[in-house]
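Take a look at the structure set out below.
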Amino acid sequence: MKTNEMNQEVKTFIENILEKEFYFDKKENGIFYLEIYADYRDLMANKDASDILQSEDPEQKFYEWIDRWYLDSVIQYESEISEKVKTLLAADDGPFPEGLTDDEENEIDEYLRGKVFINVPENHYFGQEFYANIMVDTGDGNTDYTLNSVYPCYYGRYEDKIDNRASIVWLAKRQGYCKTQLQQALRKENSDEPKGFLESMRCEVINLPSCMAALTFLVKMTLRDLMELNKYIRLQDRNGHYYDQRKNPDCGYIVIDKKAETGLFDPWSGGGSMFEIELEKDVRLPIKFIRSALPDGADGYSVESVYGMPGSCWRDVVKEIHGISKERLAKEAKIKN
C-alpha cells in the first residue's frame with residue numbers, strides 16, 4: 001500500500017481515530033493539531049534567554065531551543081499516536097484485521113507525519129517575564145563609563161567638570177535640567193531626606209564607590225518584548241561599529257516609566273551606588289544609546305547578586321517600544337547602494 005494509493009475508507013478510519021481517541025483539533029486544511037501545554041513551573045533559564053537574545057537570529061535560536069527542549073515529548077506523542085492508530089487498524093473491526101505488514105506500517109507513519117502537527121508551547125515562553133537591566137551608553141562607554149564618577153567638592157571650587165558625554169548629564173536634560181543645574185546640585189551639602197531628581201542624583205554620585213558605572217534601569221519584560229528590543233539594538237551597527245554611541249544611526253526609542261528603579265551600576269567589578277535616582281518624568285531613551293537590555297547577570301555581575309535586591313525592584317516600566325520602520329531602513333539601504 002502506497003500512501004498516495006491509500007483508499008478513502010482507510011483515511012477516514014484514521015481521521016476518526018485522531019478525532020475520537022486523541023481529541024485533536026482539525027483545521028480547515030485537513031491537518032490535525034495537538035497542543036503540548038507547559039506547566040506554569042516550566043521556565044526558561046536566564047542563560048538560555050541571554051543566548052537567544054544575543055544570537056545573530058534570535059527567532060531561529062528560540063525555535064531551535066524549544067524544539068530541542070520538547071523533543072522527547074514530541075517523540076513520545078508521535079509514538080503513542082502511531083501505535084494507537086496501527087492497533088485499531090489491525091483490530092477485528094478495522095480495515096486490516098489480518099494485520100499490517102512492515103511496508104504498510106511505514107506508509108501509515110508517513111501519512112501521519114503529513115497529517116498530524118504537534119504544537120510546542122511557544123507562547124508560554126514568549127510571555128515569560130525576565131528581570132532585565134537596561135544599561136545606557138551616551139558616549140561614556142568609550143571611556144569605560146568613568147565620566148559618571150564625578151565627586152562633589154566642598155571647598156567652594158568644583159575641580160571635576162562633568163563631560164557632556166556622561167549619562168548623568170544626558171539623564172538630567174531628559175528630566176528638564178541643564179548641566180549647570182546638575183553641577184550646582186552636586187556641590188550642595190548633604191540632605192537628610194533628598195527630594196527630587198537633582199538631590200537624589202547627588203546622593204547617587206557621592207555614594208558611588210567605583211570609578212566605572214553605567215546608568216542602569218531595572219525593568220521587567222517578556223521574552224517577546226526583549227527579542228523585539230534587541231532586534232532594534234542590533235541595528236546600531238548597520239553602518240559599522242562606533243565606539244562613541246552618539247555616532248550610531250537612529251534605531252527608534254523606548255519610553256521608561258518614572259517609577260523605574262534607576263541607578264549607577266558597575267557590572268564589571270560587582271558594585272555600584274544606591275539605585276535611588278528619583279525620576280520626575282518618564283524617560284524617552286533612544287535605542288542607539290542602549291548598551292544592553294538583557295536578563296540580570298547577562299552583562300557582567302548581576303544586580304541581584306551585588307545588592308540582594310528582591311524581584312519587586314524590577315517592574316513592568318517599559319511603556320513603549322518604537323523601533324525604526326522598515327520603510328526607513330529600506331530608504332537607507334537604497335541611498336547606500
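The values are calculated or read from the model by the stated rules, or taken from the named source; none is laboratory data. What you see is a predicted model, and the numbers here were worked out from it, not measured in a lab. Glycine gets a Cβ as well: all are built from the backbone with ideal geometry, and neighbour counts include every protein chain shown. The protein model used for the area step is the full one, side chains on, heavy atoms only, and it has no ligands, DNA or RNA in it. Shrake-Rupley method; radii C 1.70, N 1.55, O 1.52, S 1.80 Å.
Points to keep in mind about this one:
- Taken over the range 68-105, the residue count meeting the criterion of being touching a Lys or Arg at 6+ places or on another chain (Cβ under 7 Å) and surrounded by fewer than 16 Cβ atoms within 10 Å (Cβ to Cβ) is 0.
- Exactly one residue out of GLU21, GLU59 is open to solvent by 70 Å² or more (accessible area, probe 1.4 Å), outside any loop (DSSP other than H, G, I, E, B), in contact (Cβ under 8 Å) with a residue 40 or more places away in the chain and more than 25 Å from LYS115 (Cα to Cα): that is GLU59.
- Residue check, GLN236 under 29 Å from GLU122 (Cβ atoms), touching a Lys or Arg at 6+ places or on another chain (Cβ under 8 Å) and crowded, with 17+ Cβ neighbours inside 10 Å: yes
- The residue that is farthest from the chain's Cα centre (by Cα), among those in the range 16-55 that are modelled with pLDDT of 85 or more and acidic (Asp, Glu), is GLU35.
- Single match in LEU264, LEU229 (criterion: of a type outside the set (Val, Ile, Thr), assigned to a strand (DSSP E or B), at pLDDT 95 or above and within 24 Å of the chain's Cα centre (by Cα)): LEU264
- Inter-residue pairs, beta-carbon under 6 Å, first crowded, with 20+ Cβ neighbours inside 10 Å and in the range 294-309, second modelled with pLDDT of 95 or more and among the acidic types (Asp, Glu), 6+ apart: ASP296/GLU304; VAL303/ASP296
- Cβ-Cβ distances below 9 Å connect the following pairs, each with a first residue in the range 200-221 that is in a helix (DSSP H, G or I), a second residue that is basic (Lys, Arg), and a separation of six or more residues or different chains: ARG202/ARG187; ARG202/LYS188.
- For the residues SER312, SER292, the requirement of being in a strand (DSSP E or B) and more than 22 Å from TYR177 (Cα to Cα) singles out SER292.
- Unique match (being open to solvent by less than 90 Å² (accessible area, probe 1.4 Å) and either free of Cβ contacts under 8 Å to residues at least 12 places away in the same chain or out of contact with any helix residue (DSSP H, G or I) (no Cβ under 9 Å at 6 or more places or on another chain) (or both)) among ALA45, ALA49, ALA38: ALA45
- Per this entry, ALA213 is counted among residues that are within 24 Å of the chain's Cα centre (by Cα) and of a type in the set (Gly, Ala, Ser).
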